[in-house]
Each structure stands twice: as structure tokens, then as C-alpha cells.
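Accompanying notes for the structure given below.
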Amino acid sequence: MQLTAEQQKAIDEQKEHCPFCKIIRGEIAAQKVYEDDLFLCVLDINPGTEGHTLLVPKEHYPIMPLIPPETLSKMATLTAQLCGALRKAIVTGKVQAFIANGGAAGQQSSHFLIHILPDKQGPLFPAGESEQTHQLQRMLASRFGSTSKDTLTKIIAENPELKRMIIEQPDELIKNLPTAPDLQKIFHGVDIKVLSQKLREQEAPKATQLSDEQLVSFINSKEKLRELLLNDIESLEMAIETQPKLKHFFTGTKIANIRERYLRASGNV
Ligand SMILES: [Zn+2]
């Protein structure tokens, strides 16, 4: 787009007062996250979300059509790279790239830029069962290929039924995978049996792994266990034999030791 002398003069005047030009000239400090000869990326001073990043051309272009095609194409490539980098850095499945081109579209700065907004808060999968949920799951699973550990943790935390299934019926889950492409993608490269074991351990800690404080709070949260531990060791011994979670809890120690620790730590001696 060819500018008239008048338009060029207006742009030169804008540059004088433009905060982004000032950042680029080094007159204002900014949190730079990336820089090359054409572009600068800074964290937004009024972030809409954690990691809200601005991709700013070093040249002052008031609107997108004034950007030379070659520069614009590099800007698009860089946007995609930044989205990927932010997705990893912020650990989220959602990163939005946002362009407000022109005042009518909500462009607030006279210096054209692209907003990149990671969304850590938004649930990876919306709650509830709907076609939309499934679609989103498919989309995310295909985008991630094999699910990252953090993503998997998040998926499990947000889907209690899935978690239950992993813990209680890992074999069933493994058997169902070939007919459930969504699940297959989520668990690609994951050893479900190992995961099941890990989740079970998280749910049911070993007494020996807990600090005194954790031990007291865990036992206090299990009324029946507390009752037996304090008053009926024999029944507790029997319960341990039949309940894998309890057995796991007392692995590697004696009931009497745990009882003593509990009494001492809870101040009941
Ligand atoms: Zn500027």
C-alpha cells in the first residue's frame, strides 16, 4: 500500500508518542521474551491472562494492510511458534492469537501487534458429556499427539470417572482402547497399569511416607481407621488382610508403630 506524504507524516507523528516504538528505541523498559531484527515480543503490562504476550513489529505499522507481505508472513510463522512455546511454558491446551485490526475492531494501540493469550484457567475439557466435549477431546488429542504428562494429569483431575476407571479397572480400560480412538490418543505412550498403580498410591498413601502431621490428618479423616487403630488392633489386622488400600497404607511398618506415632503426634499420649 502506497502512502501519501500526509499519511506518512501522520505515522511519523504517531511514532513519537507510541509506547511500543519507545520500547523498541529503548526509552521504556519492558519484559522482553523474544527479539529478532524484525520483531519484538513483550509481556503485556495489563495481562488478560498469565503469559499474555504481544508480538510487535519493530517498524510502526498502524494497520495490518501496511505491513509488507513478507514481513506479515514471518509474523504469522512467529505467531504459531509463540503459541506453541506458550502452550508448553504455561502448560495449557488453550492459547489464543488475537488480532484487532483498526479502531473499529478494538485496536487500542496505533502500533499494529498480535496478542497471544494462553488460558490456564479454562478447563481443558468442559464439564459434562456433550458432542462438543467429544469433539474438543478429539481435537486436543490429535493436536497433542501423545498427551504430555501435565496434560494427562489435568485430564485425569477433571474427569473423576476416568480416574476411577484407571484406578479400579485398568484391565477393562486397556481392553476398551482399540474401540475408543479418543481414549487411545489420550493414553498413547502411557503404561496404564503403572499409571493405575501411581494413582492408587496417591489416593492411599503409605504411612511410612507421611510426615507426622500428614499421618495425623490422614487418620483423622478416616473415622473407621482411627477407631480401630485406637481401640481394636485385632480387627484392624483383619481389615488389612482384606482391604488392599489399608494393606498399602501399613506396608513396611507395624501397626503398633503407627499407633504410637499417631498418639504422639496428635498429642494424645
Ligand atoms: Zn509504534
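A short reminder: the numbers here are calculations on the coordinates, not readings from a lab. Treat the numbers as computed from the prediction; the structure is a model and nothing was measured. Ideal geometry is used to build each Cβ from the backbone, glycine not excepted, and the neighbour counts take in all protein chains shown.
Here are some notes:
- Calculated FRET value between residue 76 and residue 2, using beta carbons and R₀ = 30 Å, to 0.05: 0.85
- Relative contact order of the range 1-82, pairs being alpha-carbon contacts under 8 Å that are 6 or more residues apart, as %: 22 percent
- Partnerless cysteines, meaning none of the other Cys C-beta atoms lie under 4.7 Å away, in the chain: 41, 83
- Prolate/oblate/rounded call for the chain, Cα gyration tensor, a/c under 1.5 rounded: prolate
- Over the range 163-229, Cα pairs under 8 Å with separation of 6+ residues give a relative contact order of 28 percent.
- The range 189-249 shape via C-alpha gyration tensor axes, a/c threshold 1.5: oblate
- Cross-linked pairs 94/245; 163/245; 163/224; 224/247: Cα-Cα separations exceed 26 Å for 94/245.
- Annotation: amide H-H contacts under 5 Å for residue 34 (H modelled 1.01 Å from N, sequence separation of 5 or more, or interchain): 41.
- Each of residue 168 and residue 239 was given a label point 7 Å from its Cα along the Cα-to-Cβ line. The distance between the two points is 1.9 nm.
- Student exercise, the range 13-92 dipole from Lys, Arg, Asp, Glu Cβ charges, in Debye to nearest 20: 220 debye
- Given charges at beta-carbon only (K, R positive; D, E negative), |dipole| of the chain in Debye: 540 debye
- Sequence-distant contacts, meaning Cα pairs under 8 Å at least 6 residues apart, place the relative contact order of the chain at 12 percent.
- Segment residue 43-residue 202, length gained on full extension (0.36 nm per residue, minus Cα span): 53.6 nm
- Shape class of the range 16-88 from the Cα gyration tensor (axes a ≥ b ≥ c, square roots of the eigenvalues): oblate, since a/c reaches 1.5 or more and a/b does not exceed b/c.
- The H on the amide N of residue 96, modeled in the peptide plane, is under 5 Å from the matching H of 117, 119, each at least 5 residues off or on a different chain.
- Extended-chain gain in nm, criterion 0.36 nm per residue less alpha-carbon gap, residue 27 and residue 10: 4.0 nm
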